[in-house]
Structure formats: structure tokens, C-alpha cells
1. From Cα pairs below 8 angstrom and at least 6 apart in sequence, can you work out the relative contact order of region 78-121, rounded to a whole percent?
2. Which value in nm describes the separation of the simple spin-label points at residue 120 and residue 50, placed 7 Å from the Cα toward the beta carbon?
3. Per residue of region 97-114, what does 6.51 cos²θ - 1.76 cosθ + 1.60 with θ = phi - 60° give for ³J(HN,Hα)? Whole Hz please, x for Gly and Pro, Karplus curve as stated.
4. Would you grab the residues whose amide H sits under 5 Å from the one on residue 57? Only those 5+ places off in sequence or on another chain, please, with H modelled 1.01 Å from N.
5. Straight-line reach only, C-alpha to C-alpha below 20 angstrom: list the lysines that residue 16 could link to, leaving out same-chain residues fewer than 8 apart.
6. Sort 11-17, 50-56 for me by packing, meaning the mean count of neighbouring Cβ atoms within 10 Å per residue, highest on top.
7. List, in order, the whole-Hz ³J(HN,Hα) value for each residue of region 79-95 obtained from phi through the Karplus relation with A = 6.51, B = -1.76, C = 1.60 and θ = phi - 60°; use x for Gly and Pro.
8. Tally Lys and Arg at +1 and Asp and Glu at -1 over the other residues with C-beta under 10 Å from the C-beta of residue 8: what net charge comes out?
Amino acid sequence: MIEIKACARDPGSRAKIGVISNDESSIDPVGAWYARCARAGRRQRRLSGEKIDIIPWSYDDATFIVNALRDEVSKVVLDEDERRVEVVVADDQFPLAIGRRGQNVRLASQLTSWQIDLITGPPIPSATSANSRNG
């Protein structure tokens, strides 16, 4: 079973939906969502042509934030008391992370319930980026 854990919308433009599989098998919740809804373009009609980003939901806040931004994130620093997160992205990824008129970061912030502060920094080599994402 696929469960919607969180959603955020910019009506008429874009939506982000966080999904997780409650089945103990290896069902990919994102793939299952698209497979079910992509028939005959139904997912576009359901929300009046809004673009929909299906995001893998995670119990780990840092992982969910990285998934919600969908860009190459170099580092994530969480301030759990303030529910703020500082996200470092490469210079060339910064415009994508922000999105048109701030839409991507705004929806990611709504989806994750964290205030996201984006900053630029040097890219971290991929071998170490997995360790750097969690703090």
C-alpha cells in the first residue's frame, strides 16, 4: 500500500507529494504512483494541469529534505529547536534548488515542515556526499 505522508501545492502550477510504501516488500512508492496515475495523462488532469513531483518520504528529516529539493545537495545542517535547515548546494545547482520565483524551495519547505535556507558552496565529491548530507 502506498501512503501519502505530506503534500504541498502552488495551485494551478505545481505540487509536491511525499509518499511511502507501507508494504514490507520492495515496492517503490514513487514508481508505483507514476505507474498508476500516468495512464492516459490522468495525473495531469487530476490537478488541472499542475506539474506533480512525487517525493520519496523518509522518517529521517535530512533525507526527506534532500529528496524534496531534488537537486545535488552538498550538505544539510539541521537546527531541530528552530525547525530550520541550512542546505548547501553547488553554485550551478542554486537556481534549480530555488526554482522559478522561489517555488521549488517554498514547496519543499511546506512539504517537509522545515524552514529551508539555501546557500551556495563548493560541490563535494560523490563518494563523501552521502556522509555529508546528514550533518
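1. 52
2. Output for this residue pair reads 3.1 nm.
3. 5, 6, x, 5, 6, x, 5, 4, 5, 5, 5, 4, 5, 5, 5, 8, 6, 10
4. Amide H neighbours of residue 57: 19, 20.
5. Cross-link targets: 5, 51.
6. 50-56, 11-17
7. Listing the rounded values in order: 10, 5, 5, 8, 6, 10, 9, 9, 10, 9, 10, 5, 3, 6, 9, 4, x Hz.
8. Combined, the nearby Lys, Arg, Asp and Glu give +2.
The values are calculated or read from the model by the stated rules, or taken from the named source; none is laboratory data. Just so it is clear, the model here is predicted, and its values are computed rather than measured. Please note: Cβ atoms are built from the backbone with ideal geometry, for glycine as well, and neighbour counts cover all protein chains shown. Heavy atoms of the whole protein, side chains included, go into the accessibility calculation; ligands, DNA and RNA do not. Shrake-Rupley method; radii C 1.70, N 1.55, O 1.52, S 1.80 Å.
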